[in-house]
Every structure is written in structure tokens, then in C-alpha cells.
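The values are calculated or read from the model by the stated rules, or taken from the named source; none is laboratory data. Source: prediction; values computed, not measured. A quick note on method: Cβ atoms are made from the backbone with ideal geometry, for glycine too, and the neighbour counts reach across all protein chains shown. To get the accessible areas, we keep the full protein, side chains included, count just its heavy atoms, and leave off ligands, DNA and RNA. Shrake-Rupley method; radii C 1.70, N 1.55, O 1.52, S 1.80 Å.
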Amino acid sequence: MTSLSAGMLTLLLAGGVLLILGAAMFGGRLSVDARRRIELALALTFYPGVASLFLWRAATQDDWAVVVGSLIFAGLVVWNGVRIVRARLKRPDNTEAAS
């Protein structure tokens, strides 16, 4: 992996983490419905983005161990993203969102 692509990967992951932390810090000031929509939007953008970054990393590697590890990690990210989105969509409207 070139230093430019490694730097881009680092910046994109740091940006995603900052978005999640920002939503956690300021989420208490929002209504429950607004917080649920923001959590769902973050989950729908963050998990596919991270998974695609790891798939891209796997596609650009020559070492088969790094490729397999990146594919496994991308699969875990996808699985966790699907689980989170399903939980958000199945949550009843009258319950409080986790803070």
C-alpha cells in the first residue's frame, strides 16, 4: 500500500470516528426521533464505508495473508453493520434511544 493510500485510509477512519463521537456527545440534546434518524444515517454510511475501505485494501495487496485478514475484517464490519441497522429499524417508536 502506498503512503498516500495509507494516509487516506487513516483520515477516512478518523473522520468516521469523529462523526460517531460527535453524535454521542451532542445526541442528548436532540429529541428521541431525531437521535434515531441520526444513528441510522451514521450506521448506513459508516459501516459500508469502512467495509469498502477494507475490501479496497484487500484488492491492492500482494500478500495473501493480508488479503485474507482484510476480507475477514470487512466481513465482520458488514455483519456488525447489518446487525446494528436491523436493531435500529426494529426498535419500537415509544422507547428511549440509548445515550
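Secondary-structure-derived ellipticity at 222 nm for the chain, considering helices only, amounts to -28500 deg cm²/dmol, per-run term -39500 (n - 2.57) for DSSP H runs with n ≥ 4. The 3J(HN,Hα) values that the Karplus relation (6.51, -1.76, 1.60; θ = phi - 60°) gives for the range 41-54 are, in residue order, 5, 5, 5, 6, 9, 6, 5, x, x, 5, 4, 5, 5, 6 Hz. Gly and Pro appear as x. Identify, among A34, Y47, G22, the residue whose Cα sits farthest towards the positive end of the charge dipole of the range 8-99, taking +1 on the Cβ of Lys and Arg and -1 on the Cβ of Asp and Glu, with the dipole about the Cα centre. Highest projection toward the positive end goes to A34.
The residues T10, T60, sorted by heavy-atom accessible surface at 1.4 Å with ligands and nucleic acids left out, run T10, T60 from largest to smallest.
In plain terms, the chain from D62 to L21 could stretch by 11.3 nm, reckoned as 0.36 nm per residue minus the Cα-Cα distance.
Seen from a random direction on average, the alpha-carbon convex hull of the range 6-90 projects onto 5.8 square nanometres. Give the relative contact order (percent, whole number) for the chain; include only Cα pairs under 8 Å separated by 6+ residues. Relative contact order for the chain comes out at 33 percent. Label 7 Å along Cα→Cβ of R91; the range 29-73 residues with amide nitrogen under 14 Å? Under 14 Å, as judged by backbone N against the label point of R91, lie 29-44 of the range 29-73.
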